[in-house]
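Heads up, the thing below is written out as structure tokens.
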Amino acid sequence: MYIGISTFVWVSPFSTASFDVLHKAKAIGYDVIEIAVEDRDLIDWVVLKKVSRELGLRVTVSGAFGMDRDISSDRPEIRANGLSYIIDCLEIANDFESPVFGGPLYSAVGKTRLVSAEQKAQERQWCLDNLHEAIKRAEELGVTLALEPLNRFETDMVNTVDQAIAIVDELNSPYLKVLLDTFHNNIEEKDIPASIVKLGDRLVHVQANENDRGTPGTGHLDWIGIRDALRTIGYEGSLVIETFGAPSKELARAASIWRPLANSADELAVEGFEFLKKTFRE
Ligand code: LER
């Protein structure tokens, strides 16, 4: 299993000015850097590829789904923008040999409302139609879309593993699977290891986050149970720490980050790596 860390741990938005985080990740021992694509124009992709290759870091790509990138929006131009963002990120993932592009593909983070059953059904249909289009590009590129359930305070659309499985099974493509973020699962699942076993080979990516989104290993998640469940299903993907050390205002609002989640991003990165290595590799 590869151990990774998201650029979100240090910065938001990630840009060419923040490429030093790749050096930090490598020096700590990480195998993977997860690039969170907030604004692709802020990143010199040619230089980024050179730096990641020189350091020997694998790359995974994750999405930042703001309100204007929502494939289930009732505004057609926002749905179109969401789809075009997903396709752009699939192309970036392909270019960086990332096996996945992951995130809450289905909606915008922070979109939580009470809506009628009819509207819910319509939004789900828009989501399925757009995912169907995105899957076509994913299949051409050989990059898997990884759909991430979020907790109820960040989305009203896909909170649970069962809801994610329903979408994935309905679209029935080997290029649409599930990303689990254990921070969200701690709020929504009754038994995270059982949910992992239920997912089986539908699980393609894991964000290994503590229950309070602080340093993995310092909270109350059942890490041994999670490890054993991942071993049971033969999971061979990455385990990536994704938390927010310096969120943009939009991200802080969407993900309800109101206070520092560790003494520093550097400390979280070092201690989180040591914990994941000890727990998942020994
Ligand atoms: C996305 O991966 C996520 O976990 C959200 O809480 C914020 O984007």
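When the Cα atoms of the range 99-248 are enclosed in a convex hull and the volume is divided per residue, what value in Å³ results? Provide the component values of the computation, followed by the final result.
Working: hull volume 17.5 nm³, N = 150.
With only Cα atoms used, the range 99-248 gives 117 Å³ per residue.
So what is the relative contact order of the range 2-281, in percent, for Cα pairs below 8 Å that sit 6 or more residues apart? Let's see the in-between values first.
On the way: 541 pairs, mean separation 56.2, N = 280.
Relative contact order of the range 2-281: 20 percent.
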One point scatterer per Cα, no solvent, Debye formula: log10 I(q)/I(0) for the range 69-154 at q = 0.20, 0.22 Å⁻¹ comes out as -0.90, -1.05
Taking LYS136 as the anchor, which lysines have their alpha carbon closer than 18 Å to its alpha carbon, excluding any fewer than eight residues away along the same chain?
-> LYS177
Table column - 3J(HN,Hα) (Hz), the range 107-114, Karplus curve with 6.51, -1.76, 1.60, x for Gly and Pro = 6, 9, 5, x, 8, 10, 9, 9
Would you compute the Debye intensity of the range 1-86 from its alpha-carbon atoms alone, equal scatterers and no solvent, and pass along log10 I(q)/I(0) at q = 0.21 Å⁻¹ to two decimals?
-> -0.93
Kirkwood Rh for the chain from C-alpha pairs, in Å, is 18.6
Taking a cut-off of 14 Å between Cα atoms, list the aspartates and glutamates near LYS50, but don't count ones fewer than 8 places away on the same chain.
-> ASP20, ASP95, GLU97
With the convex hull built on the Cα atoms of the range 155-215, state its orientation-averaged projected area in nm².
-> 4.3
Going by how many other Cβ atoms sit within 10 Å of their own, how do HIS220, HIS184 line up, fewest first?
-> HIS220, HIS184
For the range 131-137, in order, what is each residue's ³J(HN,Hα) by Karplus, 6.51 cos²θ - 1.76 cosθ + 1.60 with θ = phi - 60°, in whole Hz (x at glycine and Pro)?
-> 4, 4, 5, 4, 4, 4, 6
Relative contact order of the range 1-152: what whole-number percent is it, with Cα pairs under 8 angstrom and at least 6 residues apart?
-> 21
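Using the 10 angstrom Cβ neighbour count as an exposure proxy, how do LEU230, LEU239, LEU114 rank, fewest first? Write down the numbers at each step before the final one.
Details: LEU230 22, LEU239 27, LEU114 7.
Fewest-to-most Cβ neighbours within 10 Å comes out as LEU114, LEU230, LEU239.
Could you list ARG213, ARG227, ARG253 so that the one with the fewest beta carbons within 10 Å of its beta carbon is first and the one with the most is last?
Lowest count first: ARG253, ARG227, ARG213.
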Straight-line reach from LYS49: which lysines have Cα under 21 Å away, leaving out those fewer than 8 places along the same chain?
-> LYS24, LYS26
Under 5 Å from the placed amide H of PHE101, counting only residues 5+ away or on other chains, we find THR144, LEU145, ALA146
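Could you give the length gained on full extension between ASP169 and THR279, defined as 0.36 nm per residue of separation minus the Cα-Cα distance, in nm?
On the way: separation 110, 0.36 × 110 = 39.60 nm, distance 3.16 nm.
Going from the current span to full extension adds 36.4 nm.
We did not get these values from a lab; they are worked out from the coordinates using the rules stated. This is a predicted model, so every value here is computed, not measured. FYI the Cβ positions are ideal-geometry reconstructions off the backbone, even for glycines, and counts take in every protein chain you see.
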